[in-house]
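Since the structure comes first, as structure tokens, the remarks are kept for the end.
The values are calculated or read from the model by the stated rules, or taken from the named source; none is laboratory data. All values reported here derive from a predicted model rather than from experimental measurement. All Cβ positions, glycine included, derive from the backbone under ideal geometry; neighbour counts span all protein chains shown. For accessibility, only protein heavy atoms count, side chains too; no ligands or nucleic acids. Shrake-Rupley method; radii C 1.70, N 1.55, O 1.52, S 1.80 Å.
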Amino acid sequence: MPQIPLHTARLDLVPLSDEHLADEIDLDADPEVTHYIWGRARTRAEVLASHAQRMERGRQVDGLGFWAGFARDEPGRHFVGWWILGPLHGPDQGDWRTTPGVAELGYRLHRRFWRQGLASEGSRELLRHGFEDLGLQRVIAQAVTDNVGSRAVMESVGMRFVRSWDEPDGEVEYALTRHSWFSRHLE
């Protein structure tokens with residue numbers, strides 16, 4: 001199954017593409033948005049490199065990838081941010097080739113859309129898609145320990161704390177299993 005558009009009550013989530021690059025550059029230009037990731041705003045060249053990496057990750061596993069989110073209740077169509085339901089990567093997650101059925105959830109939103117429930121709304125739809133459409137067995141999410149907003153989103157969508165580690169900056173991991181998802185949504 002290729003990556004498909006998804007919809008919620010307030011969001012249109014479309015597969016991230018090169019047409020969203022200017023939106024990504026604008027998003028990462030806000031040092032508050034990137035505070036817990038890089039501690040500063042990103043340059044255009046850095047976002048171009050990150051965009052290329054996102055596009056590559058989106059091609060690794062059928063159906064997984066990044067989605068650009070647009071608010072439908074605003075006049076016109078406004079870029080809210082992006083979400084990921086993507087293959088595992090990096091030394092603290094494992095490798096998607098050796099852990100099939102497990103994906104990473106993430107999100108990055110413009111500051112003007114914070115605290116409106118949109119990060120949770122988009123994340124719930126990606127979890128639904130992952131468990132119900134793609135047959136995932138487990139989804140993880142990670143954040144810097146001090147990022148209470150991101151941790152609140154993870155908890156609001158039903159994810160549970162799994163572990164923390166102090167190297168290099170102190171991070172936490174939350175997870176949700178297929179069994180837990182269906183237990184919550186079939187009641």
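Looking only at region 27-44, which residues are of a type in the set (A, V, I, L, M, F, W, C) and open to solvent by less than 40 Å² (accessible area, probe 1.4 Å)? It would help to see each step written out before you state the result.
First, the residues of region 27-44 that are of a type in the set (A, V, I, L, M, F, W, C): 27, 29, 33, 37-38, 41.
Hits for region 27-44 are LEU27, VAL33, ALA41.
So which of VAL47, VAL61 is out of contact with any helix residue (DSSP H, G or I) (no Cβ under 9 Å at 6 or more places or on another chain), β-branched (Val, Ile, Thr), under 24 Å from LEU88 (Cβ atoms) and open to solvent by less than 50 Å² (accessible area, probe 1.4 Å)?
Being out of contact with any helix residue (DSSP H, G or I) (no Cβ under 9 Å at 6 or more places or on another chain), β-branched (Val, Ile, Thr), under 24 Å from LEU88 (Cβ atoms) and open to solvent by less than 50 Å² (accessible area, probe 1.4 Å) holds for just one of VAL47, VAL61, which is VAL61.
Looking only at region 107-161, how many residues end up being open to solvent by 70 Å² or more (accessible area, probe 1.4 Å) and either assigned to a loop (DSSP other than H, G, I, E, B) or over 17 Å from THR34 (Cβ atoms) (or both)?
Step one: list which residues in region 107-161 are open to solvent by 70 Å² or more (accessible area, probe 1.4 Å), which gives 111-112, 114-116, 124, 132, 137-138, 146, 148, 155, 160-161.
Filter once more, keeping what is either assigned to a loop (DSSP other than H, G, I, E, B) or over 17 Å from THR34 (Cβ atoms) (or both): 114-116, 124, 132, 137-138, 146, 155, 160-161.
The number of residues fulfilling the criteria is 11.
Do you know which residues across region 1-52 are acidic (Asp, Glu) and under 25 Å from ARG151 (Cα atoms)?
Answer for region 1-52, where residues must be acidic (Asp, Glu) and under 25 Å from ARG151 (Cα atoms): ASP12, ASP23, GLU24, ASP26, ASP28, ASP30, GLU32.
Got a number for residues in region 1-26 being over 17 Å from GLY65 (Cβ atoms), buried (at least 16 other Cβ atoms within 10 Å of the Cβ) and not polar (S, T, N, Q)?
Going through region 1-26 one residue at a time, the tally reaches 2.
Only one of (1) of a type outside the set (A, V, I, L, M); (2) touching a residue at least 12 places away in the same chain (Cβ under 8 Å); (3) not in a helix (DSSP H, G or I) fails for HIS20. Which number is that?
(3)
Tell me which residues, restricted to region 162-184, are without any contact (Cβ under 8 Å) to a residue 24 or more places away in the chain and assigned to a helix (DSSP H, G or I). Lay out the reasoning, then the answer.
To start, the set of residues in region 162-184 that are without any contact (Cβ under 8 Å) to a residue 24 or more places away in the chain comprises 162-164, 166-168, 179-180, 183.
Scanning region 162-184 gives HIS179, SER180, SER183.
Return the pairs, sorted by first residue and then second, in which the second residue is not aliphatic (A, V, I, L, M), the first residue lies in region 28-53 and is outside any loop (DSSP other than H, G, I, E, B), the beta carbons are less than 7 Å apart, and the residues are 6+ apart or on different chains.
ASP28/THR34; ASP28/ARG42; VAL47/GLU24; VAL47/ASP28; HIS51/GLU24
Please go through region 171-187 and give me each residue that is exposed (fewer than 12 other Cβ atoms within 10 Å of the Cβ) and either within 16 Å of ASN147 (Cα to Cα) or of a type in the set (A, V, I, L, M, F, W, C) (or both), ordered by number.
Within region 171-187, LEU186 is the sole residue that qualifies.
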